[in-house]
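The values are calculated or read from the model by the stated rules, or taken from the named source; none is laboratory data. All values reported here derive from a predicted model rather than from experimental measurement. So basically every Cβ, Gly included, is an ideal-geometry build from the backbone, and we count neighbours across all protein chains shown.
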Amino acid sequence: MATAYHNLSDYDFSSVPSAEKMKFGIVVSEWNYNITGALLKGAIDTLKKHGAKDENILVKTVPGSFELTFGANQLIEYSEVDAVIAIGCVVRGDTPHFDYVCMGATQGITQLNASGDVPVIYGLITTNTMEQAEDRAGGKLGNKGDECAITAIKMIDSNGELADPAECKQIADLGVDFLACGIGNIHGVYPADWAGLSFERLGEIKAETGDLPL
């Protein structure tokens, strides 16, 4: 359950990697565009603040939030993006339509993440009132578009990252049965500047975790 006033719009700038070489797709719902447009602007502004180039930010519009899954899949299939941000807004009305749309969009985005190699960031605002949506689109609770952009950058950067041996030891000490750690491995297409697998780092992790299967 989300906490009432927790958001990532106020964050440590230095903790976010450079997005200069990253390519982003953004699929945005036209429904409730007074909200989704503000989220879109927040996402683009934040991506550019962290170095993303205009030509590497592709925006695709769809009629409503239920169509976000289709739009995201189109960007993945045909645009060679590194991550997709799916932006939508559904405000509860008088019928069960709200529940069906929210469930369908959520399940669709989840399926894309489970079955593919390109992360799809969940930027769907689901609220009881329009005021609550406005609070999350640049209002008193920040801008969820900013948060989605930060998440996208971090998810792209996590492909091929090297695990910290000390952090691996901390996890091992919790009593886990095995540990999957990053040694430069990547899901999907390997970039031209990929440094390869670091067996040296694997040895360092092994030294810290002992006989734990890796």
Checklist entry - Can you name every residue in segment 162-193 that is in a strand (DSSP E or B), surrounded by 19 or more Cβ atoms within 10 Å (Cβ to Cβ) and either of a type outside the set (Val, Ile, Thr) or modelled with pLDDT of 85 or more (or both)? => result none
Next on the checklist: So, ASN159, is that one of a type in the set (S, T, N, Q), modelled with pLDDT under 95, over 19 Å from PHE13 (Cα atoms) and in contact with a strand residue (DSSP E or B) (Cβ under 6 Å, 6 or more places away or on another chain) or not?
Outcome noted: no
Checklist entry - Among ALA172, ALA152, which is closer than 30 Å to LEU202 by Cα and in contact with a helix residue (DSSP H, G or I) (Cβ under 7 Å, 6 or more places away or on another chain)? => result ALA172
Item to check | Residue satisfying condition, being surrounded by 14 or more Cβ atoms within 10 Å (Cβ to Cβ), outside any strand (DSSP E or B) and assigned by TED's automatic domain parsing to the domain that holds LYS154, within set LEU39, LEU58 | outcome: LEU39
Checklist entry - Of everything in segment 130-145 that's of a type in the set (D, E, K, R) and either at pLDDT 95 or above or within 15 Å of ASN32 (Cβ to Cβ) (or both), which residue is surrounded by the most Cβ atoms within 10 Å (Cβ to Cβ)? => result LYS144
Item to check | Hits in segment 80-129 - residues which are surrounded by 12 or more Cβ atoms within 10 Å (Cβ to Cβ), free of Cβ contacts under 8 Å to residues at least 12 places away in the same chain and among the charged types (D, E, K, R) | outcome: ASP99
